[in-house]
């Protein structure tokens, strides 16, 4: 069985078994509901993969993704569309347009925010700055200090989004650049350890009354070598509710739950790469915002049916 067909069969089977939508708890009709849609490591994949000669043949494509997002927005009143970095690099579109096309299409699609991946530095700080007028969404990264660079003021550590009655705090974290990205491309950018920064972000967002805290992480899902900080490590930071991950191109059949020492469960999700799938997580709140439930979805395969 070809890998594309295997992926499709696996996801469809999971949905048929009830794994595609798995509520942890059920609330009444008066609850507030938030729908989180997300991508990661899309790598300039504007068009679907060719129908021949590739393990992902026929999958992906930004026009199909836009159609799918538009459909969900018509069905759900409160939608956040997020990305976990590495928008740049991967096809001739990036080589020719330098990220302009990717940013313009994501803006038309109505993305709310992204974080920075290591490949978003591939044209240096100058290349990144050049494309910012085309980005009608927030670039969130809390652990890159750009204060001594031309990027200063173009990114934010976090943003609070009001979706109906729900106040959602979103912050971003990027991977260490030293040894991964040539120094000339990131210049005087200072990387800060993600765990202490995450704790600061949680404190600030809680103080501002956020009902839900989401981290856009370009750290990677998990590493055998504990030298690197992963999303699994990040999930131990008290107060984070959801981690939307990137960098490792991990395709999870459903989000991972990580239970903290205090019993709080953190949801970690990542949906592969190149825009072959769209992630979806639904969060429901009671009317007093005291409780929340989560409904999981298998990755939504983006193919010719979208």
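Quickly run through region 32-66 and pick out the residues that are in contact (Cβ under 8 Å) with a residue 40 or more places away in the chain and at positive phi. The answer is 41, 43, 44, 58, 60, 61. Among the criteria (1) within 17 Å of residue 41 (Cα to Cα); (2) assigned to a loop (DSSP other than H, G, I, E, B); (3) in contact with a strand residue (DSSP E or B) (Cβ under 7 Å, 6 or more places away or on another chain), the one residue 172 does not fulfil is (2). Checked against the criterion of being surrounded by fewer than 15 Cβ atoms within 10 Å (Cβ to Cβ), modelled with pLDDT of 95 or more and closer than 23 Å to residue 306 by Cβ, region 86-106 has no qualifying residue.
For region 175-194, the tally of residues that are part of a helix (DSSP H, G or I) and either exposed (fewer than 13 other Cβ atoms within 10 Å of the Cβ) or in contact with a strand residue (DSSP E or B) (Cβ under 9 Å, 6 or more places away or on another chain) (or both) stands at 4. Would region 212-222 turn up any residue that is more than 26 Å from residue 49 (Cα to Cα), surrounded by fewer than 20 Cβ atoms within 10 Å (Cβ to Cβ) and at pLDDT 95 or above? So far as region 212-222 goes, yes, one or more of its residues are more than 26 Å from residue 49 (Cα to Cα), surrounded by fewer than 20 Cβ atoms within 10 Å (Cβ to Cβ) and at pLDDT 95 or above.
Check whether at least one residue in region 45-54 is buried (at least 16 other Cβ atoms within 10 Å of the Cβ), assigned to a loop (DSSP other than H, G, I, E, B), at pLDDT 95 or above and in contact with a strand residue (DSSP E or B) (Cβ under 8 Å, 6 or more places away or on another chain), and report yes or no. No - not one qualifying residue is present in region 45-54. Restricting region 107-134 to residues that are touching a helix residue (DSSP H, G or I) at 6+ places or on another chain (Cβ under 6 Å) and more than 28 Å from residue 196 (Cβ to Cβ), the residue that is surrounded by the fewest Cβ atoms within 10 Å (Cβ to Cβ) is 134.
The values are calculated or read from the model by the stated rules, or taken from the named source; none is laboratory data. All figures in this text were calculated on a predicted structure; none of them were measured in a lab. Because the Cβ atoms are built from the backbone with ideal geometry, glycine has one as well, and the counts that use them run over all protein chains shown.
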